[in-house]
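Chemist: My questions all concern the structure below.
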Amino acid sequence: MINLKAKKLVGLISLMLCLCVFAGVMSACQPDVPNVYNTTSPTETAAATEGTTSDSTEEVLPENPIDFKELQNINKDLYAWLKIPGTVIDYPVAQSSNEDDNYYLHRDYRGNYDFAGTIYSQRHNTKYFVERVTVLYGHNMLDGSMFAGLHQFSDPDFFKENDTLYIYIPGHILTYKIFAAYDYDDRHIMNSFEFYKDDVYEQYLKDCLNPHSANALVREGVELTLDDRIITLSTCHDYISNLRFLVQGVLVDDQRTQ
């Protein structure tokens, strides 16, 4: 008669044999497991690549005409370029990196003293022209340089025939449609309006299209909405010291560049 311990040992050995057989069967039924980082067969990968090549075209971005790397080597505060066809306005734009927002009022693009100054913005605006309103400042020079060319837009014929300005920044060409030119008081625009409030901005846009100025010129057919981004170019009045002359445009195109 087999004792109890022997019976238990035989049972344990039989159980282990069954498990080994079961594991062998399961292993034989499993397919080869592919690499988890490449679950597509070489044939399928080739087909997918071929389809992508033949069915789609890669976007080729145009080159930006401004060499911003070179500008930054000259002066790290130079961040944009303004060009207005039909005028002499074709200048770099600066924003002071120190605490003086008007640092470039009488400094050239290299940072050296120059009464004519540089076209510049203040830190109320970022360097990306993404705010609802961006203001650029420049002198009305007697020799016709800097922002003196803005006064050409006070002539109805010139205003009618010239409606575009360009802002170049790294990776983008921003095109604005000039819609208004008029005299304005000397208040600080960015300090005077809470443009983040829809009702304030909406009223401001209405006022831009209906300026309280006797010599105002406004382009027909232009409509402005809360989604629009405005640029305001500000310079001194020709004769009255406490007035400014403004030229305003609305962003109509944002082209990406290399």
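Chemist: Applying the selection to segment 68-99, what residues are in contact (Cβ under 8 Å) with a residue 40 or more places away in the chain and not in a strand (DSSP E or B)?
Modeler: As a first pass, look at segment 68-99 and keep what is in contact (Cβ under 8 Å) with a residue 40 or more places away in the chain: 68, 79-89, 91, 93.
Those that are in contact (Cβ under 8 Å) with a residue 40 or more places away in the chain and not in a strand (DSSP E or B): F68, I84, P85, G86, T87, V88, I89.
Chemist: Moving on to the next point. Given the conditions (1) without any contact (Cβ under 8 Å) to a residue 40 or more places away in the chain; (2) closer than 30 Å to F158 by Cβ, report the number of the one that R123 does not fulfil.
Modeler: (2)
Chemist: Looking at D163, D186, D157 in this structure, which one is closer than 24 Å to V93 by Cβ, charged (D, E, K, R) and more than 26 Å from the chain's Cα centre (by Cα)?
Modeler: Details: D163 fails: more than 26 Å from the chain's Cα centre (by Cα); D157 fails: closer than 24 Å to V93 by Cβ.
From the options D163, D186, D157, the qualifying one is D186.
Chemist: Out of everything in segment 109-118 that is in a loop (DSSP other than H, G, I, E, B) and open to solvent by 30 Å² or more (accessible area, probe 1.4 Å), what residue ends up being nearest to T235 (Cα to Cα)? Break it down into steps so the answer makes sense when it comes.
Modeler: To start, the set of residues in segment 109-118 that are in a loop (DSSP other than H, G, I, E, B) comprises 109-112, 114-118.
Narrowing the set further to residues that are open to solvent by 30 Å² or more (accessible area, probe 1.4 Å) leaves 109-110, 112, 114-115.
On the way: Y109: 18, R110: 21, N112: 21, D114: 17, F115: 14 Å.
By that ranking, first place goes to F115.
Chemist: Would you point out the residue of segment 128-142, among those that are surrounded by fewer than 17 Cβ atoms within 10 Å (Cβ to Cβ) and not hydrophobic (A, V, I, L, M, F, W, C), that is nearest to V247 (Cα to Cα)?
Modeler: Step by step, filter segment 128-142, then rank; the result is E131.
Chemist: For segment 83-129, how many residues meet the condition of being out of contact with any Ser or Thr (no Cβ under 9 Å at 6 or more places or on another chain), among the hydroxyl-bearing types (S, T, Y) and closer than 21 Å to G149 by Cβ?
Modeler: Number satisfying all stated conditions: 2.
Chemist: Here are F147, F159, F153, F245: which of them is of a type outside the set (S, T, N, Q) and more than 20 Å from I119 (Cβ to Cβ)?
Modeler: Values: F147 fails: more than 20 Å from I119 (Cβ to Cβ); F153 fails: more than 20 Å from I119 (Cβ to Cβ); F245 fails: more than 20 Å from I119 (Cβ to Cβ).
Only one candidate qualifies: F159.
Yes/no matrix, rows are residues, columns are (1) at pLDDT below 95; (2) farther than 19 Å from S121 by Cα; (3) among the aromatic types (F, W, Y):
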residue: H139; (1), (2), (3): no, no, no
residue: M146; (1), (2), (3): no, no, no
residue: H151; (1), (2), (3): no, yes, no
residue: F158; (1), (2), (3): no, yes, yes
residue: T164; (1), (2), (3): no, yes, no
residue: G171; (1), (2), (3): no, yes, no
residue: D183; (1), (2), (3): no, yes, no
residue: R187; (1), (2), (3): no, no, no
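Chemist: Here is a further query. Inspect all residues belonging to segment 85-103 and state whether any of them is open to solvent by 90 Å² or more (accessible area, probe 1.4 Å), within 30 Å of the chain's Cα centre (by Cα) and modelled with pLDDT of 95 or more.
Modeler: Within segment 85-103, none of the residues are open to solvent by 90 Å² or more (accessible area, probe 1.4 Å), within 30 Å of the chain's Cα centre (by Cα) and modelled with pLDDT of 95 or more.
The values are calculated or read from the model by the stated rules, or taken from the named source; none is laboratory data. Keep in mind the model is a prediction, meaning the values are calculated, not measured. With ideal geometry, Cβ positions are generated from the backbone for all residues, glycine too; neighbour counts draw on all protein chains shown. When the accessible area is computed, the model is the full protein with side chains, heavy atoms only, and any ligands, DNA or RNA have been set aside. Shrake-Rupley method; radii C 1.70, N 1.55, O 1.52, S 1.80 Å.
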